[in-house]
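Chemist: I'd like to ask some things about the structure below.
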Amino acid sequence: MVKANGFDAGSGKFSVHDWITYCKSHYKKIGIRTSDSIFEIGCGSGAFLFLLYKKQHVIAGIDYSPELIKLANKFMPKANIKENDAISFSQDQKYDVIVSHGVFLYFESLQYAEEVIKRMVNTSVKKIAILDICDFDKKEIYHEVRIRDFIEDGYTEDEYWKRYEGLDHLFYTKDFFRNLGNQHNLNTEIYDQNIENYEYYGNSKLRFNVIYTK
Ligand SMILES: C[S@@+](CC[C@H](N)C(=O)[O-])C[C@H]1O[C@@H](n2cnc3c(N)ncnc32)[C@H](O)[C@@H]1O
């Protein structure tokens, strides 16, 4: 499940135990309560939601990949997981916490991201957590850091480019999120990704997280 969502990156460094520790630290930081319902934008196979599902939270999510949705429904049969695009999911049902982990980097533009955030605000009762965002301030060193870690793992730079050629992640400034927080009257908390063992290919050093509270 973790692998299907692209979080081992083939390095073997990031174990399931690390993933559990990592997810729990985000849940704590967000302040998820036992009775909270959770909705994820871009849930994939459900790796970020699974522990919450096991703890009996009401879980829902959308993703535009039919293959990953199929997996998510297999792992979390009681969750409400639908195939949909981040910009067009239904806003009828409200959830306490709306999350999106490791997804905003795939969006086509900042305008698109802005529209998704508007929809997240409309759908959430208490919190919105946008996690694992590519930091614009670190854009220059993005490939440099990732290649260095890749080589440390015994691969070559050629192999890196073969795997990641055309990789076109969207980078965000922290001000982008602060401004939107102000616009929507939200309390904004931003913290850098510096979680132990989440250092695969340097990603942790290059990303940050945003928590909005209503
Ligand atoms: C790296 S995976 C993260 C999956 C999950 N959030 C997790 O942390 O376990 C990124 C996911 O975002 C989904 N995705 C990317 N852009 C999307 C969009 N515009 N609408 C819906 N899903 C999207 C992909 O299909 C993929 O499942």
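Read-outs throughout are calculated quantities, based only on the coordinates presented, and are distinct from any laboratory measurement. This one's a predicted model, so the numbers in the text were calculated from it and none came from an experiment. Please note: Cβ atoms are built from the backbone with ideal geometry, for glycine as well, and neighbour counts cover all protein chains shown.
Chemist: Counting only residues 5 or more places away or on other chains, whose amide H sits under 5 Å from the amide H of Y64 once H atoms are built in the peptide plane?
Modeler: Answer set, sorted by chain and number: N84.
Chemist: Starting with the fewest neighbours, write out I59, I30 ranked by other beta-carbon atoms found within 10 Å of each beta-carbon.
Modeler: Sorted ascending by nearby Cβ count, the order is I30, I59.
Chemist: Averaged across orientations, what area in nm² does the convex hull of the alpha carbons in region 1-155 project?
Modeler: Taking a quarter of the hull surface, the average projection is 9.7 nm².
Chemist: Here's something else I'd like to know. If we count other beta carbons within 10 Å of each Cβ, what is the order of R119, R207, R163, fewest first? Please list the in-between numbers first.
Modeler: On the way: R119 17, R207 22, R163 12.
Ordered by Cβ neighbours within 10 Å, fewest first: R163, R119, R207.
Chemist: If you don't mind, another one. Work out how much length K118 to E67 would gain on full extension: take 0.36 nm times their residue separation and subtract the Cα-Cα distance, in nm to one decimal.
Modeler: Values: separation 51, 0.36 × 51 = 18.36 nm, distance 2.71 nm.
Difference between extended and current length: 15.6 nm.
Chemist: Before anything else, pin down the relative contact order of the chain: Cα pairs under 8 Å, at least 6 apart, normalised by residue count, whole percent.
Modeler: 20
Chemist: According to the square roots a ≥ b ≥ c of the eigenvalues of the Cα gyration tensor, what is the shape class of region 37-107, taking rounded for a/c under 1.5, prolate for a/b larger than b/c otherwise, and oblate for the remainder?
Modeler: Values: a/c = 1.45, a/b = 1.17, b/c = 1.24.
Note, shape of region 37-107 comes out rounded.
Chemist: Here is a further query. Arrange W161, W19 by Cβ neighbour counts within 10 Å, fewest through most, would you?
Modeler: On the way: W161 14, W19 22.
Listing W161, W19 from fewest to most nearby Cβ atoms yields W161, W19.
Chemist: Quick one: which residues, 5 or more positions from N80 or on another chain, have an amide H under 5 Å from its amide H? H modelled 1.01 Å from N in the peptide plane, none for Pro or chain starts.
Modeler: Under 5 Å from the amide H of N80 lie the amide H atoms of I59, A60, G61, each far enough along the sequence or on another chain.
Chemist: Tabulate in residue order the Karplus-calculated ³J(HN,Hα) for region 43-51, using 6.51 cos²θ - 1.76 cosθ + 1.60 with θ = phi - 60°, rounded to whole Hz; enter x for Gly and Pro.
Modeler: The phi angles translate into 6, x, 7, x, 4, 6, 8, 4, 5 Hz.
Chemist: OK, next. Set the bar at 31 Å for Cα to Cα. Now go through K118/K162; K78/K174; K28/K162; K94/K205; K78/K127; K82/K126 and name every pair that lies beyond it.
Modeler: Too far apart for the 31 Å limit: K118/K162; K78/K174; K28/K162; K94/K205.
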